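A short write-up of the structure that comes next.
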Amino acid sequence: MHFFLSSLPFIKVLAAFAVMLIGMRLKCSLGISILIGGVLLGVLFGVGPGGIIHAAGQALVGQKFLFLVAIVGLILVLSDALERSGQSRRLMDALSGYLTSPRLRLIFFPALIGLLPMPGGAIFSAPMVGTVSENMTVTNTQRALINYWFRHIWELGWPLYPGVILTVALADIPIISLISKTWPAILFMLGTGWFFFLRPGVLDVAALQLKDTNGPRSLTTVFKQGLPLLVAIVGAVGLESIIPVVAPSVPFEMGVITALVASVICVMVQNRLGSTFLKDVLTKKSLRAMLLVVAAIFIFKDIMQAAHVVDAMASAAGGSAALFAAAVFLPFLVGMVAGINVAFVGSTFPLLLGLLHTLGLQDQTIPYLVLASFAGFTGVMISPIHICFILTCQFFHTELATTWRKLVAPCLVFACLGAGLFFLLLG
């Protein structure tokens, strides 16, 4: 009986999660499925209708939500402009003389866009993966998995990601102290991604034969065709670095938004796209559907906070299990349920840091932060409501459940590598 009561918060979370997956499986709208799961989660944790409505309202007027809507919207406008104008294809042609390896071509743009810490960035690189692989015998599921996985290779080792920044702020440690220990995650992501998605036998060499692999090389042409991407990436990274120094009160998302606006203007000027193009993009049904998904994810997150789900799970995991729960299970579960790094960092790391202090294990803070980061990020990567995963599957028209199942094994291997790194650091 005691075991059942201590497990009850986790059972409730898994029940809400199962309802979401069933809704997706039954072809219900993704946004609606997530909303239903969020409402059920609130009900199971004792939040009344008024509380659920209040949480939803707060989510839709929150600064983070409004920034994310602007960022995703601008990404979609930029992607559509690059696609419609043919500039993405011209960039592929210009790069063909340099990217002679088919596998390098497949991962280059997701990895490049991954340096730009923007939510939903996988939808930015998806059209590029589609363009570069159109002459390859590659399935849409493979395209989706490659785009999704390699978009996130930098997440634990790139100092401009919000999750990394929030972690060092909570722990009050220099950022180099953390990323000097988490950088192997980049190699783990690359190696795991190659083994499961790219190695011979998974992608046959014959299927990857390319035309014009020895095309002309012109750095001027590459620069011209890639200028909108350079403006977006260099601008966002640069502004994210400068803003905290010169204007600490300005949210870092403003740097990403400013860079994306400049990038959209750049591609529109280069290709002489006018107001008709903007009207067409902004009234697209796919844009509305994607923004509904973003809204549903934020509503779900705020209902989870209003229901004190993390607190309930932490209270249930008492005694010797508390540290394991705080360092592994809770970050993984919150990451999987919320689908974003900041969610598991902000909601579970204060608990972990408090436990380490209480237990007198402050000298082991960084190893445990590394373990929790790997656990939470594994949950984020395997989350079927991760916005990059959803947008990627929508773009390539792949079955969510089928694509998701192929993520389980690589995510498990990545988590095991993270556990090995933890024990190495602890030793």
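If you go through segment 195-206, how many residues are part of a helix (DSSP H, G or I) and crowded, with 16+ Cβ neighbours inside 10 Å? Total meeting the criteria: 3. Considering (1) under 12 Å from the mean Cα position of the chain (by Cα); (2) of a type in the set (Gly, Ala, Ser); (3) modelled with pLDDT of 80 or more; (4) within 18 Å of Phe396 (Cβ to Cβ), the lone condition that Gly121 does not fulfil carries the number (3). Per the listing Leu112, Leu99, the residue uniquely within 16 Å of the chain's Cα centre (by Cα), surrounded by fewer than 21 Cβ atoms within 10 Å (Cβ to Cβ) and not assigned by TED's automatic domain parsing to the domain that holds Ile340 is Leu112.
Selection within segment 101-118: residues that are assigned to a loop (DSSP other than H, G, I, E, B) and either of a type in the set (A, V, I, L, M, F, W, C) or on the phi > 0 side of the Ramachandran plot (or both). The member of this set that is modelled with the highest pLDDT is Leu115. Of all the listed residues (Val246, Val231, Val237), the sole one being assigned by TED's automatic domain parsing to the domain that holds Ser88 and in contact (Cβ under 8 Å) with a residue 40 or more places away in the chain is Val237.
When restricted to residues that are touching a residue at least 12 places away in the same chain (Cβ under 8 Å) and either crowded, with 19+ Cβ neighbours inside 10 Å or farther than 28 Å from Ser315 by Cβ (or both), segment 46-65 contains 8.
Matching residues to (1) at pLDDT 75 or above; (2) over 30 Å from Glu253 (Cα atoms):
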{"position": "Leu14", "(1), (2)": "yes, yes"}
{"position": "Leu21", "(1), (2)": "no, yes"}
{"position": "Ile34", "(1), (2)": "yes, no"}
{"position": "Gly42", "(1), (2)": "yes, no"}
{"position": "His54", "(1), (2)": "yes, no"}
{"position": "Gly73", "(1), (2)": "yes, no"}
{"position": "Leu91", "(1), (2)": "yes, no"}
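When each of Leu82, Leu60 is tested for being closer than 21 Å to Ile387 by Cα and either outside the structural domain of Phe124 (by TED's automatic domain parsing) or assigned to a helix (DSSP H, G or I) (or both), the lone residue that passes is Leu60.
Within segment 146-166, identify whether any single residue is among the aliphatic types (A, V, I, L, M), touching an Asp or Glu at 6+ places or on another chain (Cβ under 9 Å), assigned by TED's automatic domain parsing to the domain that holds Leu273 and assigned to a helix (DSSP H, G or I), and answer yes or no. Looking for residues that are among the aliphatic types (A, V, I, L, M), touching an Asp or Glu at 6+ places or on another chain (Cβ under 9 Å), assigned by TED's automatic domain parsing to the domain that holds Leu273 and assigned to a helix (DSSP H, G or I), one finds none in segment 146-166, hence no. Note on segment 22-42: residues that are at negative phi and surrounded by fewer than 17 Cβ atoms within 10 Å (Cβ to Cβ) amount to 6. Only residues that are part of a loop (DSSP other than H, G, I, E, B) and at pLDDT 90 or above were counted across segment 167-186, and they come to 1.
Residues are listed down the side, and each one gets a yes or a no for (1) touching a His at 6+ places or on another chain (Cβ under 7 Å); (2) in contact (Cβ under 8 Å) with a residue 60 or more places away in the chain; (3) under 30 Å from Lys285 (Cα atoms); (4) in a loop (DSSP other than H, G, I, E, B):
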residue: Val342; (1), (2), (3), (4): no, yes, yes, no
residue: Gly346; (1), (2), (3), (4): no, yes, no, no
residue: Pro350; (1), (2), (3), (4): no, yes, no, no
residue: Asp363; (1), (2), (3), (4): no, no, no, no
residue: Ala375; (1), (2), (3), (4): no, no, no, no
residue: Phe395; (1), (2), (3), (4): no, yes, yes, no
residue: Thr398; (1), (2), (3), (4): no, yes, yes, yes
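The values are calculated or read from the model by the stated rules, or taken from the named source; none is laboratory data. Note that this is a predicted model, so its numbers are computed, not measured. Glycine gets a Cβ as well: all are built from the backbone with ideal geometry, and neighbour counts include every protein chain shown.
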